[in-house]
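Just below is one structure, and these are the notes that go with it.
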Amino acid sequence: QAAALEILVFEDRNNDSKVSRYDEGIKGVLVEVLDGETVVASGETAKKGNLTFASLKPGSYTLRFTAPEGIGFAVKGEDFTKESIIGDSGSRVALSDVFTFAAGETVTLNAGARKVGTFSGRVFEDADNNGLMDETDPGVGGVALRLVGKKTGGVYELTSSEDGTYLFDLLPADTYIF
């Protein structure tokens, strides 16, 4: 007898790993059911963040979540029957721990996500000293850059690329000091 898997990907607005009445579903998250490295089922969450896999073989699986642009993952919970099965991976892809279910069983799992943004630009040498980045102003690579979130206290550091460009990605909503 087949087993079923019900998934809800929700916007974890307070980043506590628990679904609350104010958390809304997130559409367009790719969810893949993995047996080892093999994808045995996949689908995208619907408008309310729901996705059901109705006929899986009983056994042990891992889930791989791939978020759309503008979405990152929130914190992982401790009780997977009530809290998020995945956590912030630092990328738009997150893997769950292995879970197991039996024939005829329906397992419901949640995945907390959050809206994220980016901050980008270019470090340049102002060759003509006019205070503007002109086409002729060369980029400056190797410059250490740091963002600090005023509310979250999050610290993000990186080094500008060879052409002076930089990109801070997957930033949670906050006011940042650069």
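The values are calculated or read from the model by the stated rules, or taken from the named source; none is laboratory data. Because the structure is predicted, anything quoted here is derived from the model rather than measured. When the accessible area is computed, the model is the full protein with side chains, heavy atoms only, and any ligands, DNA or RNA have been set aside. Shrake-Rupley method; radii C 1.70, N 1.55, O 1.52, S 1.80 Å.
Which one, VAL33, VAL116, VAL98, has the greatest fluctuation when you compute a Gaussian network model over the chain with C-alpha springs under 10 angstrom?
It is VAL98.
For the chain, which whole-number percentage of the solvent-accessible area (1.4 Å probe, protein heavy atoms only) is attributable to carbon and sulfur atoms?
Here carbon and sulfur together make up 50 percent of the probe-accessible area.
On the full set of protein chains, 1.4 Å probe, figure out the accessible area of ARG13 and give it in Å² to the nearest 10.
Approximately 130 Å² of ARG13 is accessible to the 1.4 Å probe.
Taking a 29 Å limit on the Cα-Cα distance, which of the listed pairs LYS48/LYS150; LYS57/LYS115; LYS47/LYS76 fall beyond it?
Distance filter (> 29 Å) returns LYS48/LYS150; LYS57/LYS115.
How big is the accessible area of ASP169 in square angstrom, nearest 10, if you roll a 1.4 angstrom probe over the protein chains?
So the heavy atoms of ASP169 present about 60 Å² to solvent.
Any idea of the accessible area per residue across the range 71-118, 1.4 Å probe, to the nearest Å²?
Here the per-residue accessible area is 47 Å².
When the scattering of the range 109-156 is computed by the Debye formula from its Cα atoms alone, each counted once and equally, what is log10 I(q)/I(0) at q = 0.15, 0.26 Å⁻¹?
-0.64, -1.02
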